[in-house]
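Here is the structure we will look at.
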Amino acid sequence: MPRVAFIGLGRMGHGMAGRYLDAGFAVAVWNRSRAKAEDLIARGAHWATSPEDAAIDADAVVTMVADDEASRAVWLGQDGAAATMKAGTLAIECSTVSYHHALGLSRELHARGLIYIDCPVTGLPDAAASGKLTLLVGANAADLDKARPFLTPLSTTIRHFGEVGTGTVYKLINNLMGAIQIAGIAEGLAIAEQAGLDMKLVLDAVASGVAASPQVIRHSKRMAARDFGGATFTASLRHKDAAYAVALAESLLADTPVMGRAAVAAYERAKSVAPDDDEAKMIEIVSRPK
């Protein structure tokens, strides 16, 4: 029976860890709060006292945490997973981290004989729980082949972009585009509301128009209804991802990433007001009348 250590049981990680149980893996879990693990433990997961404890005898360690700092801590910090991982073990990083962090972590884990798989994901928590994520992979082709049995339970699609770091590059592009679209639709709907337009007609026009995208369609409905319950992605996380993407853009592009910086600024405002609320709440920030 393959053994997986899963670290980080937030909105996405909890469902992902459950998928390994569904697939018959032996699963050890760790999270800062044990409460988020209780139902997984009831289903057969082993509760570990630290990432290091979780990684003992694991064939693969999978992490899904908030940012660079959390990623480094669970892999290389005190009681980090890498301390007890055997050479040849898969280190699968599913968190959205910065490009430079992904490269640096890969080098450090490779120096310990571990196989690093750059593997951020796209999809909402319901997709995580049902194994319908899209995985954005950066890895050596042979390493990806070794990792596939541990990726298949999580996903319906695996997109292999190239070597380590390329999966993170695309994830940051994806989330920056999302930030721009969501901030844009919030501003557009706010204008429509203050101008007195029929909002049902506006939403129909948005959904069927050339500016429509899955992000725009989903968030426009929720914004117009002021339906912010069941947050799937917070303003704080969107700000973090957009900031990582802009830092990457500034390292690669000659010109200033104007749209990216505008999105970071917009989410900086949202983060200051409601960091842990759903990102769709952006409309309440931009809709104040003059």
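The values are calculated or read from the model by the stated rules, or taken from the named source; none is laboratory data. Please read all numbers here as calculations on a predicted model, not as lab measurements. Because the Cβ atoms are built from the backbone with ideal geometry, glycine has one as well, and the counts that use them run over all protein chains shown. For accessibility, only protein heavy atoms count, side chains too; no ligands or nucleic acids. Shrake-Rupley method; radii C 1.70, N 1.55, O 1.52, S 1.80 Å.
Cβ separations smaller than 7 Å between residues 6+ apart or across chains give the following pairs from the stretch 277-290 residues that are farther than 18 Å from Gln181 by Cβ to residues that are surrounded by fewer than 19 Cβ atoms within 10 Å (Cβ to Cβ): Asp277/Phe228; Asp277/Ala231; Pro289/Gln194.
Checked against the criterion of being open to solvent by less than 20 Å² (accessible area, probe 1.4 Å) and among the basic types (Lys, Arg), the stretch 192-200 contains not a single residue that satisfies it.
Which one of Gly138, Gly162, Gly188 is at pLDDT 95 or above, of a type outside the set (Ser, Thr, Tyr) and closer than 22 Å to Gly13 by Cα? None of the others qualify; the one that does is Gly138.
Please determine, by comparing only the residues of the stretch 97-140 that are of a type in the set (Ser, Thr, Tyr) and in a strand (DSSP E or B), which one is surrounded by the most Cβ atoms within 10 Å (Cβ to Cβ). My answer is Tyr116.
Taking the stretch 74-96 as the range and being surrounded by 18 or more Cβ atoms within 10 Å (Cβ to Cβ) and more than 21 Å from Ser155 (Cβ to Cβ) as the test, the residues that pass are Val74, Trp75, Gly80, Ala81, Ala82, Thr84, Met85. Under the condition of being more than 18 Å from Val29 (Cβ to Cβ) and surrounded by fewer than 17 Cβ atoms within 10 Å (Cβ to Cβ), the residues counted in the stretch 64-73 number 1. Annotation for the stretch 207-225: at least one member residue is free of Cβ contacts under 8 Å to residues at least 24 places away in the same chain, of a type in the set (A, V, I, L, M) and touching a Ser or Thr at 6+ places or on another chain (Cβ under 8 Å).
Residues in the stretch 142-174 that are more than 22 Å from Ser98 (Cβ to Cβ), part of a helix (DSSP H, G or I) and either of a type in the set (Asp, Glu) or open to solvent by 60 Å² or more (accessible area, probe 1.4 Å) (or both): Ala142, Asp145, Lys146, Arg148, Pro149, Thr152.
Only residues that are in contact (Cβ under 8 Å) with a residue 60 or more places away in the chain and either within 11 Å of Ile117 (Cβ to Cβ) or touching a helix residue (DSSP H, G or I) at 6+ places or on another chain (Cβ under 6 Å) (or both) were counted in the stretch 128-166, giving 10. Consider the stretch 4-50 and keep the residues that are open to solvent by 30 Å² or more (accessible area, probe 1.4 Å) and hydroxyl-bearing (Ser, Thr, Tyr). The one that is farthest from the chain's Cα centre (by Cα) is Thr49.
Based on this model, can you work out whether Val62 counts as outside any helix (DSSP H, G or I), touching an Asp or Glu at 6+ places or on another chain (Cβ under 9 Å) and closer than 17 Å to Met1 by Cβ? Against the criterion (outside any helix (DSSP H, G or I), touching an Asp or Glu at 6+ places or on another chain (Cβ under 9 Å) and closer than 17 Å to Met1 by Cβ), Val62 qualifies. Per the conditions (1) open to solvent by 20 Å² or more (accessible area, probe 1.4 Å); (2) in contact (Cβ under 8 Å) with a residue 40 or more places away in the chain; (3) within 26 Å of Ala270 (Cα to Cα), the sole criterion not satisfied by Met177 is (2).
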